[in-house]
1. Average partner chain C-beta neighbours within 10 Å, per residue of B:88-97?
2. How far, in whole Å, is the nearest Cβ of chain B from the axis relating it by rotation to chain A, and which residue carries it?
3. Just to confirm a number: summing +1 for Lys and Arg and -1 for Asp and Glu over residues other than B:W161 whose beta-carbon lies under 10 angstrom from that of B:W161, what do you get?
4. Given a 1.4 Å probe, how much area per residue of the protein assembly as shown is accessible, in Å²?
5. Using DSSP to call loops (not H, G, I, E or B), can you name the trypsin sites (Lys or Arg not before Pro) in the range B:115-184 whose Cβ has at most 14 other Cβ atoms within 10 angstrom?
6. Please work out, to two decimal places, the log10 of the ratio I(q)/I(0) at q = 0.11 Å⁻¹ from a Debye calculation in which every Cα of the protein assembly as shown carries one identical scatterer.
7. Given a Förster distance of 30 angstrom, what is the FRET efficiency for A:L341 paired with A:H191, based on the Cβ-Cβ distance and rounded to 0.05?
8. For A:F64, enumerate residues with amide H under 5 Å from its amide H, sequence gap 5+ or separate chain, H modeled in the peptide plane.
There are 2 protein chains.
Amino acid sequence: MKGIRRLAQHLDISIGTVSRALNGKPDVNEETRKRVLQAATDLGYVPNQSGRSLRQGTTNIIGFMMQTGTEITGQGDTFFMSVFDGVQAVFARHKLDLVALLCSSQEDPNDYLRRVVARGFADGLILSATQRDDPRIEFLAERNIPFVTLGRSLTDAGQPWLDLDFEGMAQAAIDRLVARGHRRIAITRPHDDTNLGYIFVDRCRRALAAHGLALEEDLIFRSTPNEAGGYQIARDLLALEEPPTAIVLINETIAIGFYQALSEAGVKPGRDIAVIGRYSPHAHFLSPPLTCFRLSLRDLGIALAETLLSAMPAFSDHYPDAPVNRVWPMELVEGESDSFLVPQR
Amino acid sequence: MKGIRRLAQHLDISIGTVSRALNGKPDVNEETRKRVLQAATDLGYVPNQSGRSLRQGTTNIIGFMMQTGTEITGQGDTFFMSVFDGVQAVFARHKLDLVALLCSSQEDPNDYLRRVVARGFADGLILSATQRDDPRIEFLAERNIPFVTLGRSLTDAGQPWLDLDFEGMAQAAIDRLVARGHRRIAITRPHDDTNLGYIFVDRCRRALAAHGLALEEDLIFRSTPNEAGGYQIARDLLALEEPPTAIVLINETIAIGFYQALSEAGVKPGRDIAVIGRYSPHAHFLSPPLTCFRLSLRDLGIALAETLLSAMPAFSDHYPDAPVNRVWPMELVEGESDSFLVPQR
DNA sequence: TTGCCGTCCGTAAACGTTTACGGAACTATG
DNA sequence: CATAGTTCCGTAAACGTTTACGGACGGCAA
């Protein structure tokens, strides 16, 4: 005899009463409820997840889909950990559990979604590493599975999404550098075709154009989003006939490699070239400190959770005005890496 | 009508046959099997996870329990992503899916384990952030849930574990530094009471003793396992009346902050002080490159998976000689941060 | 007393699968 | 033709819960 039956047998009451007692339903004597709860801890009873969710049609689990293997996401080393923390702060209020659905780098994310998620594994989903064209979005929308994406996509099924404000960052960075006299400004973009690359490059181009400047193709650097990628960018940049006087780094960890390659060439950020990047815990500990754009990842996680819940009928009442589509602003943290002023001729 | 019934109705055959056809059971005509599979994709049928696992008593899911929030484990996203990659390489062969069970930093890991895992959520578990005394181990052992821990614990229920060879690292690092003439050698340990701190400190002490040297208490530095922690260590170290001539860093990211604080004081690793640390993707990109201990995290992940599977009756046949308890060796990567030789008086 | 209401509890169905069992139809063998 | 064996399929039970429904019981008012 196992499960709730064992508990019922042990107390000599029916399983219905046991279930009601455990779940805080009203139709049960407080005295018996106490006995049930006591027996549950005594016998170490824990309700079976499959049985419960089969009956209820709900799992109380939210999945955060992400890809494993390194060199994929280009987020800093603690990026996801911080976001998770915020997401969970919200979910905890509703007894929802967050699990990370780890899609192997060997498997197509679309296959993975069909295989794992569509089986009713989770009540809702958060999608990361959103692609420019992302079939996952259509798939989930068709099946009415609540979800929110971290990152915009061209695929539009009316889904909620949140994203970092790369446009604001592009605009502010370009304006700032131009104001300091820079005319030849390089930018970076991810090595793959994530949407953010297009967004960022496009906005940089327009921001430059507003100042009467052109974004030159050979000043757009692609790289893997890690230290080695940043190192390579700096090498390529320094090898140019006429190197740029400033650069905006779109990824977080590439700054470390970028700094190193410069250092080896005797070039110093802030003195010989202006560098603006993205915040990461190491940004303050570079020499000189990196001028960068920062946001609260925990707050972003909170917003993600609230947006998702507002798309779930069971919870939407609690979040009437959660954002549906929103770019998340980043604030400029002044370092010294961009204090280089272009000498006026 | 939903699920397998719908499929059966659509094909005008029984649900039993549909199930057998989908699961590759022998007692089914090849012709009907084809029709079933075709109809399944046509109708977008995906078997329900709860129903299946309720009946089978198995979920085909393996959980990797970890804690969210930063500044906890000292391991970042890239650490786990690399390990996951290896784990999944093995699991894929057995149609097992890996999910990360994210325990909020707000919640006690033991409560979390009871709440989520004990409900039959996963067929097996990998525990990280193992504590020196870890009730989770007893809990799982009592319930006969297969698991393996990443990290040793004093709690011994005969469970399998894998761990990094911190003892080998301690021994090699100390020997190396002593051979280079160092007598005052500092070491670091995590801020909390994870077992690795005890193991590492203890072995360093014994390694020093073998050379007739003592490990002085004020040369053992505790810190949070991030850049800020490393920064603080360097500041404290330089403030000593008689600073050490060498240091061994046990965490990965603390090297960045450590370097920075030294740099601000005009102290250069490799020239004024010898530094040995742990490998991380940024280790090569520090100036000078960090001499550090490295291991293949992907291989570690593979070993973790194999060890877990060998503890699961359904799979143990495939892995007769997977390691049960094993420390995973690290190799020394020579940089220039420890090339400082103590001048002989 | 009768009737009604409220409290508490037991019964049984339902969720979506898998699988043991048995049987129908057909083939092969004597 | 009778029998045995093979191939394929349908039936129904089972997994562990939750919950709608109804009933037993006691208290209270009329």
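The values are calculated or read from the model by the stated rules, or taken from the named source; none is laboratory data. In this text, all values refer to a predicted model and were calculated from it rather than measured experimentally. Every residue, glycine among them, receives a Cβ derived from its backbone with ideal geometry; neighbour counts consider all protein chains shown. In case anyone asks, the SASA skips ligands and DNA or RNA and just uses the protein heavy atoms, side chains included. Shrake-Rupley method; radii C 1.70, N 1.55, O 1.52, S 1.80 Å.
1. Average neighbour count from other chains, rounded to a whole number: 3.
2. Per the B/A rotation axis, the closest residue of B reads B:D77, 1.
3. Residues close to B:W161 contribute a combined charge of 0.
4. Result: 43 Å² per residue.
5. Passing both the DSSP loop test and the Cβ count: B:R143.
6. -1.22
7. So the FRET efficiency works out to roughly 0.40.
8. It is A:V99, A:A100, A:L101, A:I126, by chain and number.
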